[in-house]
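Presented below is the structure to which this report refers.
The values are calculated or read from the model by the stated rules, or taken from the named source; none is laboratory data. Predicted, not measured: the structure shown is a model, and the values here were computed from it. We place every Cβ from the backbone using ideal geometry, glycine too, and count neighbours over all the protein chains shown. Please note that ligands, DNA and RNA were not included when accessible areas were found on the heavy atoms of the full protein model with its side chains. Shrake-Rupley method; radii C 1.70, N 1.55, O 1.52, S 1.80 Å.
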Amino acid sequence: SSFHSLHSPVFYRPLPLHRRPRWPRMGSSTPHHRNNQNKTKLIVIMGATGTGKSRLSIDLSTHFPHSQIINSDKMQLYNGLDITTNKIPLPERKGVQHFLLGEFDSIDADVAPSQFRSAAGSTIADIASRGNLPLLVGGSNTFIHALLVENCDPQVDVFAESSSVSRALRYECCFLWVDVAWSVLSEYLCIRVDEMLDSGMLEELAQFYDPTKAGVMVGLRKAIGVPEFDAYFRKYPPWESPENGVVPNKDCDPSRREAYEEALREIKDNTCRLAKRQIGKILRLREGGWDFTRFDATATFQALMKKKQSSAVAAPELEWREIWEREVVEPSVKIVKRFLEE
Ligand code: ATP
């Protein structure tokens, strides 16, 4: 594995110095960011794809202004495909510094869990050494496990039947788990795929499409959307428009439409499958002794979908936000406060 990490063609590019934030030093009123064994305190926001982890991290950072976010979504580590991988857009970050978001270039290999462990480990140490509060946010449970455990064996797949989860962690962790009832989440995930397409996912994938790499499943090419649309682009290749660069084929031809619908169905299926696997892994970690506090965001998502399905007058925007604040943000702020005061 040391050979792998030294020679891996995945390049990690930390932000250039001029883009790194100026770190405010905190005064004597700083809450304790280390426990009595001198372990760094870390907030870990977990949950399946689509449950609002990024939103919660930003909402928490308005209550804890020295928060800085470290991404733990495997696909969002890579530079590129921002819509397809659902990276939080810059305006929604509200000025909160994010690390390991789009900082890796994917050439022809995956980021190994050990690489993530060392990159995220030194980022957390940096954040904590300046008196700021590190928030780990993202859905890659294998990476989260590799980062947090005291001893990480790169040869072992921790979620395999025969493996066991380690409770010995190198940080003092406050685990927040955002959960949504499956029937509601699965419906929401399908709507979200439609919305991603409306916001330019197909155009993004058309520009990313490389016929010489079709079928190669490494790095960012594993992102849901890439393999599913590869088949479509092979049949209906993107073309070079004089005004807009590379654009997808959008002919009215019914067989093209059918190939498009097929890719869409696969993306929705694979997204739901990913979410199910993620929930299964979170449950495994909990059974293994990781102490999660679970927040139920089901009512928020029901209100959000009601809003999407009806007219603005019938369901005000405010409703779902109020439920989210009441059921997820406020209780998690309380838990984080207590955790920092301990
Ligand atoms: P595994 O051990 O199965 O890799 P994991 O917990 O380490 O699971 P996940 O983050 O669950 O990693 O990612 C598994 C797969 O799900 C990825 O290889 C990719 O196909 C898809 N995936 C995960 N996150 C995204 C994302 N943000 N956008 C698109 N696809 C994603």
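Computed from Cα atoms, the angle from the helix 113-129 axis to the main principal axis of the chain rounds to 50 degrees. Which percent of the accessible area of the chain is formed by carbon and sulfur heavy atoms (probe 1.4 angstrom)? Of all accessible area on the chain, carbon and sulfur atoms account for 51 percent. Proximity of backbone amide H atoms, modeled 1.01 Å from N, is registered between Lys41 and Arg34, Asn35, Glu172 at under 5 Å, excluding neighbours fewer than 5 places apart on the same chain. Going by the alpha-carbon gyration tensor, a ≥ b ≥ c the square roots of its eigenvalues, is region 128-257 rounded (a/c under 1.5) or, if a/c is not under 1.5, prolate (a/b greater than b/c) versus oblate? Prolate. With a cap of 10 neighbouring Cβ atoms within 10 Å, and only residues DSSP puts in a loop, list the GluC sites (Glu not before Pro) found in region 210-286. Hits after loop and neighbour filter: Glu243. Accessible surface computed residue by residue for the chain, with neighbouring protein chains in place and a 1.4 Å probe, gives 50 Å² per residue. Residues whose amide H comes within less than 5 Å of that of Met46, counting only those at least five positions distant or on another chain, are Leu176, Trp177, Val178 (H built at 1.01 Å from N in the peptide plane). Counting only Cα atoms, the chain measures 67, 58, 47 Å along its principal axes, largest extent leading. A simple charge model with +1 on the Cβ of Lys and Arg, -1 on the Cβ of Asp and Glu and nothing else charged puts the dipole of region 186-273 at about 380 debye relative to its Cα centre. Distance between the 7 Å Cα→Cβ label points at Ser162 and Glu322: 5.6 nm. For Ile282, what is the net charge nearby, where nearby means another residue's Cβ is under 13 Å from its Cβ and Lys, Arg count +1, Asp, Glu -1? It works out to a net charge of +4.
A 1.4 Å probe over all protein chains sorts Ile335, Ile69 by accessible area into Ile335, Ile69, starting with the largest. When the alpha carbon coordinates of region 50-112 are projected onto the principal axes, the ranges are 40, 21, 19 Å, largest first.
Each Lys or Arg adds one and each Asp or Glu subtracts one; over the other residues with Cβ under 10 Å from the Cβ of Cys173, this totals +1. In plain terms, the chain from Ala109 to Arg286 could stretch by 60.6 nm, reckoned as 0.36 nm per residue minus the Cα-Cα distance. Taking θ as phi - 60° and the Karplus parameters 6.51, -1.76 and 1.60, the scalar couplings of region 82-93 work out to 5, 6, 4, 8, 6, 5, 5, x, 3, x, 6, 6 Hz in sequence order, x denoting glycine and proline. Looking at the chain alone, DSSP beta bridges between its own residues are antiparallel in about 25 percent of cases.
Any of Lys87/Lys213; Lys235/Lys281; Lys306/Lys334; Lys307/Lys337 with alpha carbons more than 26 Å apart? Name them for me. From the list (Lys87/Lys213; Lys235/Lys281; Lys306/Lys334; Lys307/Lys337), the Cα-Cα distance tops 26 Å for Lys235/Lys281; Lys306/Lys334; Lys307/Lys337. If you take every residue apart from Val247 with its C-beta less than 15 Å away from the C-beta of Val247, what net charge results, scoring Lys and Arg +1 and Asp and Glu -1? Here the count lands on -3.
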